[in-house]
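Readers should treat all values here as calculations from the given coordinates under stated rules, not as data from a laboratory. The shown structure was predicted, so the numbers you read here are calculated from the model rather than taken from an experiment. Here the Cβ positions follow ideal geometry from the backbone for every residue, glycine too, while neighbour counts run over all protein chains shown.
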Amino acid sequence: MRRNLTLGLSAALAVAPACAFAQDLSPASDVTRFVIDTGLLIAAGLAGLLVLAGFTLRDVGFARPRNAPAVCLRMVGLLAVAVIMFWLTGFHLIYGVEPGGFLGAFKPWSVETAAPGESGRAPAAFWFSQVVIAAIGAAIVSAAVSERVRLWPFLLFVAVWAGLIYPIVASWAWGGGYFGAEWNFRDLGGASVLHGAAGAAALAAVIVLGPRPGRYARGAARQAPSTALPVSAFGVALAIPGLMMVIAGLQGSVSSIEAAAALGVVCVNIIAAVAGGALAAMILTQTVYKRPGLVSAMTGSIAGLVSVAADPLAPAMWQAAMIGAVGGVIVTVTPPFLDRFRIDDAGFAIPAHCFCGIWGSFISFWPSETSRLSGQVVGTAAIVAFSFGMSLLVWVALKYTIGVRAAPADERADETAGADA
């Protein structure tokens, strides 16, 4: 029954039309496939930059007006640091790992290290599509620690994240490392490798930094005034198609009829999950608080995408919508739980990325014929635990050496002078 439900709609959407078209279309030449697949990677890399722009607008809208320039400065800095560190060590830590191993090679990437014809794609385009993923992970952490982190300690963390933490966990799934090889762990779109790991790093960061001044005055959580929630909504509207294109690039190819049809199914399932997450969040806030919440709807949209990212090809459309709807529930009910422990997540990164990334990785075995629950649980737990533990060590070291946040009096003052300098 599960096999029939899973394959039925996918076959109707992809396989049957592909077979019909195949009778009229001849296969692409090697040159054509090389150009198309390289173009896909370049488009995915550019879409990743669009995601960073969208996350910047989202965080600006959530922040107080005086902190908006600092949010933008932090995003520019994290992209620059991520590019340098991914070039120096990150790429080869992912794709230089031995089959079934735990750690790749510590060496810089060079375009001359791979011949263009070996992979069917331009090596530089592949590197470009990968470096923006490391930067997106750093942006997720940036959202959580907004309005209280110092710039340079944060950029030092980004250096460790992009050069060490993220590449190691990515190698376990995408580089042929231990959990992918030995446990059949699958994460085709980064539910755990990107979102779960970055959300766990964000959790470690906010634990060490502590809450924003006045956030928990008199024991109750107080909402900080924001610059403009419509700006955040526009940022989310940019980030969602950008993330969809990043996931499309992770599929690897679009130069055959079968690959193009599969990519269409991926996009359908992702947008169904986004819709399910947003609608579930809106219905739940209407039920509990007697009014739909814009913030819940925005985070529910992101949560739906993250929830289905582990294997966006396998589900039927109704399954994708259900998986995304659970993600919308997660991001609606968990923030008050975090507040009880004084965990101040300024950008809702922990529920939307960590919790939903874990949920999406676990549930991906349901519609899949190749994944196992045991492999998904073990692989996800290892990725999240490693990212949290390493990030906690880095943030504690920064706290007790150079410091990670300004004095409370300085945080209440205008901290944006450096952005204008």
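If I compute Cα extents along the principal axes in Å from the structure I just sent, which labelled value in (i) 153, 58, 37; (ii) 70, 53, 38; (iii) 103, 60, 43 lines up?
(ii)
Of Thr89, Gly48, Gly101, which is farthest on the positive side of the dipole of region 33-114, counting Cα position, with +1 on Lys and Arg Cβ, -1 on Asp and Glu Cβ, and the Cα centre as origin?
The residue sitting farthest along the positive end of the dipole is Gly48.
Mind checking the angle between helix 151-160 and the chain's longest principal axis? C-alpha axes, 0 to 90 degrees, to the nearest 10.
Result, in degrees: 30.
Listed highest first by mean packing, meaning other Cβ atoms within 10 Å per residue, what order do 121-133, 348-360, 318-330 come in?
348-360, 318-330, 121-133
Place a +1 charge on the Cβ of each Lys and Arg in the chain and a -1 charge on the Cβ of each Asp and Glu, then give the dipole magnitude about the Cα centre in debye, rounded to the nearest 20.
Charge dipole of the chain: 1380 debye, to the nearest 20.
Determine the gain in length on full extension of the stretch Phe341-Arg291; use 0.36 nm per residue of separation and subtract their C-alpha separation, reporting nm with one decimal.
So the chain would gain 15.4 nm between Phe341 and Arg291.
Relative to the longest principal Cα axis of the chain, at what angle does helix 30-62 sit, 0 to 90 degrees, rounded to 10?
20
Is it possible to state the helix-based mean residue ellipticity at 222 nm for the chain, with each DSSP H run of 4+ residues giving -39500 (n - 2.57), the sum divided by total residues, to the nearest 500 deg cm²/dmol? What is it?
-21000 deg cm²/dmol
Could you sort the peptides 180-193, 73-86 by per-residue average Cβ neighbour count (10 Å cutoff), highest mean leading?
180-193, 73-86
In 5 Å bins starting at zero, report the fraction of Cα pairs in region 24-173 per bin as a rounded %.
2, 10, 17, 17, 18, 13, 10, 7, 4, 2, 1, 0, 0
Mind checking the dipole of region 133-290: about its Cα centre, +1 per Lys or Arg Cβ, -1 per Asp or Glu Cβ, Debye to the nearest 20?
Charge dipole of region 133-290: 840 debye, to the nearest 20.
Once Lys and Arg get +1 and Asp and Glu get -1 on their Cβ, which of Phe386, Val208, Pro27 lies farthest toward the positive end of the dipole of the chain?
Of the listed residues, the answer is Val208.
For the charge dipole of region 77-173, defined by +1 on Lys and Arg C-beta atoms and -1 on Asp and Glu C-beta atoms about the Cα centroid, which residue among Val145, Val132, Val169 has the Cα displaced farthest towards the positive pole?
The listed residue farthest towards the positive side: Val145.
Using the per-residue mean of other Cβ atoms lying within 10 Å as a proxy for protection, in what order, highest first, do the peptides 203-214, 305-316, 331-342 fall?
305-316, 203-214, 331-342
Relative contact order for the chain: what is it in percent, counting Cα pairs under 8 Å that are at least 6 residues apart?
Relative contact order here is 25 percent.
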